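All remarks here apply to the structure that follows.
Every read-out reported here was derived from the displayed coordinates using simple, explicitly stated rules and does not represent laboratory data. In this text, all values refer to a predicted model and were calculated from it rather than measured experimentally. Cβ atoms come from the backbone with ideal geometry, glycine included; neighbour counts cover every protein chain shown.
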Amino acid sequence: MSRSAAGGRRPRARELRKVLVANRGEIAVRVLRALADLGIRGAVVYSEADREALPVLLADEAYPIGPAPSSESYLRGEAIVELAREIGADAIHPGYGFLSERAELARMCRAAGVVFLGPPAKAIAAMGSKTASRRLMIEAGVPVVPGGTEPLADLDAARAEAERIGYPVMLKAAAGGGGKGMRRVEEPDGLASAFRAARSEAKASFGDDAVYLEKYLALPRHVEIQVLADEHGRTVSLGERECSLQRRHQKVVEEAPSPAVGPELRRRMGEAAVAAARAVGYTSAGTVEFLLDRDGEFYFLEMNTRLQVEHPVTEMVTGLDLVAWQVLIARGEPLPDALERVEPRGHAVEVRLYAEDPWHGFAPSPGTIRHLRLPEGPGIRNDCGVQAGGEVTVHYDPMLAKLVAWGEDREQALARLRRALGELRIDGIRTTAPLFVALLDDPDFRAGRLDVGMLDRKLAAGELGPPAAARAAPADEEAVAAAEAATDGEAGAEDGEPMESRDRGREPDDLAADLPLIAAAIAHHDRALRRAAAGRGTASALRGRWSQAGRREALRGAR
Ligand code: MV4
């Protein structure tokens, strides 16, 4: 074992010469880049559908792992650990989704003598149960939303607990996360049916019908803290990310710092996050999620025991490479003192580009990417997993890329994001890019007035609409007419509606789950069209701006 000459560091416990990336798409590319920068060989697995995908081209080595369905490829933990051994990989990086939060994979790696680039299996397992993690957090002095810490035995127990907490309350699945098995209850009359519904949904989603109660928080923000923890007892906070802009429990836009968090709150939330990580013996990079209510009180929600999709906004305001720090920690090296004093510099905003049509209920938009122009220039970062000529299939999560803009302040970051979205061109499929153009014109978004229900409310109210040029397109009118014939009345996402976490990979069933919202979005779009035609409401006020956007679209030759 060699002792590093610089700084009297401890010896590296482990040498990592080759790492196997057990993921696909943009995150596989992201991890391979960090490995290349560190002089570590990067290997990647790929399914039959991803034979010609970008990670395969960028990796030093690539290995087929099975047919397209993830259950037969990216989710084959045992086969992937076996492959790592065969090819002489010293470690596995799981990325996010797929195997990343399976304690079992971390355990299998350990047994096979392969380093898992993530936390210990025990830390993953400890954060897997909401009731158990709430108990741990209370013991550690981390604020949790007022409520229970044990599953409710029956309806009588639920009644007693709800009276104690005070209505409105929230029923949540003990095994879950991500909004599944969650029900808001306004008053005692609604408890019985919500209890039954939450139970059966929890059972269906997690194979466990245990539910518990929390006080319902109105219009909170989702603010999360990035932590790093080494194997020598140092755990640091790298500040927060504001992730309130979500569509049906799936993040759409993230930023750092949060417009709602100043130095004092950042310090307190950071301390709580560090206490949370310590309480479960955490090492590697992790994220502690909080709800921040309108009084500035924050409450632990859950911990994501992996690298997250939105980690780049933290990287942009700290200048750190979080994947490189994961590698350093996995090698057994200590985090330096300087990481205790990291403060955010400037502001970063990330938007997630999905192969979905935001103006038609976020319908999946698979197809071939005929042309791809990614934005560049000052303050812009692309984490893109696809290339021109590439195929977007329905097998996996439809996120194509993340577009991140950094500026000295929020205004500059947003201006650069707008400029970048203007440069962006993706032909052949629909993407969520136009939604972000609309959001950049939204007064609440611009002012940083965010809460977790805001995006769903605005989408349902038709406040974020397509440009006039798109509205006038004949194909669009046909689609609206067809949808009108097929739907009647209102349907919409309610707070508490179940939705699979995007980070966990998209299953075919999710399309069925999307249908009510697709119908709702079409109906709202239709109403917006009628309002515009009648020349009243916000639509007509926006027309000048939209038509300008339309001309710019036309000039760029989009669609
Ligand atoms: C809540 C809440 C209000 N009060 N808990 C949704 C998913 C999940 N992990 C927790 N969630 C919420 N829990 C109480 N007691 C509101 C939400 C919530 C939410 C939280 C984070 C991000 C987006 C959200 C969207 C709707 C509701």
Just name one of 314, 284, 328: the one whose Cα is farthest towards the positive end of the charge dipole of region 258-377 (beta-carbon charges, Lys/Arg +1, Asp/Glu -1).
328
Within region 254-291, the residues whose backbone N lies under 12 Å from a label point placed 7 Å from the Cα of residue 139 along the Cα-to-Cβ direction are 279-281
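How do 253, 288 rank when sorted from fewest to most other Cβ atoms within 10 Å of their own Cβ? The partial results should precede the final answer.
Numbers: 253 25, 288 28.
Fewest to most other Cβ atoms nearby, the residues stand as 253, 288.
Ordered by packing density, taken as the mean number of other Cβ atoms within 10 Å over each peptide's residues, highest first, how do 413-424, 48-59, 303-314 rank? Show your work: numbers first, answer last.
Values: 413-424: 19.5, 48-59: 18.0, 303-314: 26.1.
Going by the mean number of other Cβ atoms within 10 Å, highest first, we get 303-314, 413-424, 48-59.
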What residues from region 352-372 fall in the zone where the backbone N is under 16 Å from a label point 7 Å along the Cα-to-C-beta line of residue 52?
367-372
Quick one: which of 26-37, 452-463, 362-373, 169-180 comes out on top by average Cβ neighbours within 10 Å, and what's the full order, highest first?
169-180, 26-37, 452-463, 362-373
Coarse-grained scattering of region 1-127 at q = 0.13, 0.14 Å⁻¹, given as base-10 log I(q)/I(0) from a Debye sum over alpha-carbon atoms
-0.52, -0.59
Once both labels are modelled 7 Å past Cα along the beta-carbon direction, what's the residue 122-residue 36 spacing in nm?
3.9 nm
Mind scanning 130/251; 130/180; 18/130 and naming the pairs with a C-alpha gap bigger than 24 Å?
18/130
Considering only 133, 170, 149, whose Cα is most displaced toward the positive end of the charge dipole of region 130-179, charges sitting on Cβ of Lys, Arg (+1) and Asp, Glu (-1)?
133
Residues meeting the amide H criterion for residue 98 (H placed from the backbone, H to H distance under 5 Å, 5 or more places apart or on another chain) are 505
